[in-house]
1. Could you work out the longest stretch of chain B that avoids the GluC sites (Glu not before Pro) located in DSSP loops with at most 16 other Cβ atoms within 10 Å?
2. Taking one equal scatterer on every alpha-carbon of the range A:20-102, how large is log10 of I(q)/I(0) by Debye at q = 0.16, 0.21, 0.22 1/Å?
3. Under a cut-off of 18 Å between alpha-carbon atoms, report the lysines in cross-link reach of residue B:129, not counting same-chain residues fewer than 8 places apart.
4. Let me check I've understood the local charge: for residue B:154, count other residues with C-beta under 14 angstrom from its C-beta, Lys and Arg +1, Asp and Glu -1. What total comes out?
5. Most fluctuating residue of B:92, B:127, B:77 in a GNM of chain B with Cα springs under 10 Å: which is it?
6. More than 16 Å apart: what percent of Cα pairs in the range B:67-126 qualify?
7. Can you show me the helix-derived [θ] at 222 nm for chain B, built from DSSP H runs with n ≥ 4 at -39,500 (n - 2.57) apiece and divided by the number of residues, rounded to the nearest 500.
8. Of B:33, B:51, B:100, which is the most mobile in a GNM of chain B whose springs link Cα atoms less than 10 angstrom apart?
Amino acid sequence: MAPPTETGQPGVLVIGETDAKDELSSAWNVIVHNDPVNLMSYVAMVFMRVFGYPRGKAETLMLEVHQKGRSLVWTGEREQAEHYVHQLQGYQLLATMEKSRG
Amino acid sequence: MIDLRVQPIDEKRVRISGIPPVLAAMLRELPETLELRELPDAHARLFPNPTADHDKINDEWQQMVAPELRHLFVSAGETVTRDLTALDSDQGRPEEYQVTFPVEHVNAWMSAINQARLILAEIHKIGDKEMNRTAFDPQSPKHMASLRIHLLGYLLHLFVELDGGNEPENRV
């Protein structure tokens with residue numbers, strides 16, 4: 001828990017504000033990792049299907065996975081991130097999620 | 001020369017035609033390959049943790065989500081196994097094979113083919129270098145696994161092309 005913080009009002013402290021804010025506002029990144037087997041065309045198709053991305057964006061993200069080893073494909077609330085990771089793993093993509101540092 | 005095609009023959013059915021005997025044999029081996037999904041390396045690849053360092057989330061995932069994924073993968077394999085009973089030589093071209101199945105099974109076919117490719121890669125430790133191999137020694141199980149991954153990949157790519165007409169232009 002975060003330490004009590006001064007509010008500027010005499011006698012009023014806010015306890016744990018930082019933690020609560022973190023939990024409420026923290027975003028999660030969905031990451032797709034490169035693997036040597038999944039076809040590039042297949043990965044792009046999955047991005048189009050799962051996220052509804054147009055072909056150009058799907059192919060850009062796919063190329064990022066291929067060239068950089070990973071791509072951040074979506075950022076948002078944890079529950080939705082879990083849903084997307086579930087779907088991506090259902091297509092056998094190497095997908096994970098991580099707390100956004102932004 | 002391979003003249004492999006995946007195409008709809010009407011609104012309800014899709015046909016893979018022009019299947020060379022070597023690919024027909026690989027397809028008949030699909031059910032057996034898919035049975036290997038629970039071997040440790042294959043299992044780790046098909047059912048990965050969703051985070052790098054959140055043990056609680058990972059544990060819950062393996063308890064709640066992995067069984068759903070397993071059901072999805074097994075179901076796809078069973079669908080394709082049933083469809084493969086119709087794999088037969090093309091009457092017009094006896095040196096080639098074909099198989100016809102309901103259009104609703106297309107996703108199951110893509111899933112089963114890709115599962116098999118990933119399982120083969122894990123079992124035979126096939127990485128980037130091996131995937132770039134262009135010569136294959138028939139005596140090497142690893143080389144033959146690479147060849148299977150490539151040929152099944154070519155078939156999978158044809159399925160992806162078949163899906164190409166479904167671009168969600170209006171969804172973003």
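Read-outs throughout are calculated quantities, based only on the coordinates presented, and are distinct from any laboratory measurement. What you see is a predicted model; the values in this text were computed from it and never measured. A quick note on method: Cβ atoms are made from the backbone with ideal geometry, for glycine too, and the neighbour counts reach across all protein chains shown.
1. Working: sites that count: B:11, B:29, B:95, B:169.
Free of exposed loop sites, the longest segment is B:96-168.
2. -0.56, -0.90, -0.98
3. In chain and number order, the partners are A:68, B:142.
4. Charge balance near residue B:154 sits at +1.
5. Looking only at B:92, B:127, B:77, the largest GNM fluctuation is found for B:92.
6. 54
7. -17500 deg cm²/dmol
8. Top of the fluctuation ranking is B:51.
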